[in-house]
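Read-outs: derived from the displayed coordinates by stated rules, not from any lab. Nothing here was measured: the structure is a model prediction, and the numbers come from that model. Note: ideal-geometry Cβ built from the backbone for every residue, glycine included; neighbour counts use all protein chains shown.
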């Protein structure tokens, strides 16, 4: 298990059992303390999504802190699911996605849903935005990727102009 995945698992288990936020252990790879990046933590149970939350830009002082924050949020704040319960912990699977810095695209032809994640933002209202990670099952076209991300952001593609950013991820399981 990759050290960031272990960190996410430890963060969730400690938070659910003790309502405490852990500090990252010293034995993590040096780069997770030196680098900043957006991080998404995805939690599944029996192959089904149980929680997925993160940031596309860094909000914490390093990747280790970002992973802890996103893991706890995925376990306790994903509005699509109730908070994870202690009896579920042995059955959970964790993925940590470290995002590259988003780059604005000029044409949808610059996208590839297997390679790039997207951030779709309303051109009129910058607070309306939706994000979709790359290489998701069932998302094989650019149009579907844009549509899902827009829907997540509450953006009506028939009525609103959009701005699109793409990013890559380093995925750890």
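Compactness of the chain was expressed as the Cα radius of gyration divided by 2.2 N^0.38 Å, which yields 1.05.
Inter-part distance, the stretch 32-81 to the stretch 94-137, computed on C-alpha centroids, equals 16 Å. Comparing 112, 62, 156 in a Gaussian network model of the chain where C-alpha atoms under 10 Å apart are linked, the largest mean-square fluctuation is found at 156. Helical runs assigned H by DSSP (4 residues or longer) give the chain a calculated mean residue ellipticity at 222 nm of -8000 deg cm²/dmol, each run adding -39500 (n - 2.57) before division by the residue total. Taken over the Cα atoms of the stretch 103-168, the convex hull encloses 75 Å³ per residue.
Can you give the FRET efficiency for residue 141 and residue 80, using 1/(1 + (r/R0)^6), R0 = 22 Å, r = Cβ-Cβ distance, to the nearest 0.05? It comes out at approximately 0.40.
For the chain, averaging the sequence separation of C-alpha pairs within contact (under 8 Å, six or more residues apart) and dividing by the residue count gives a relative contact order of 22 percent.
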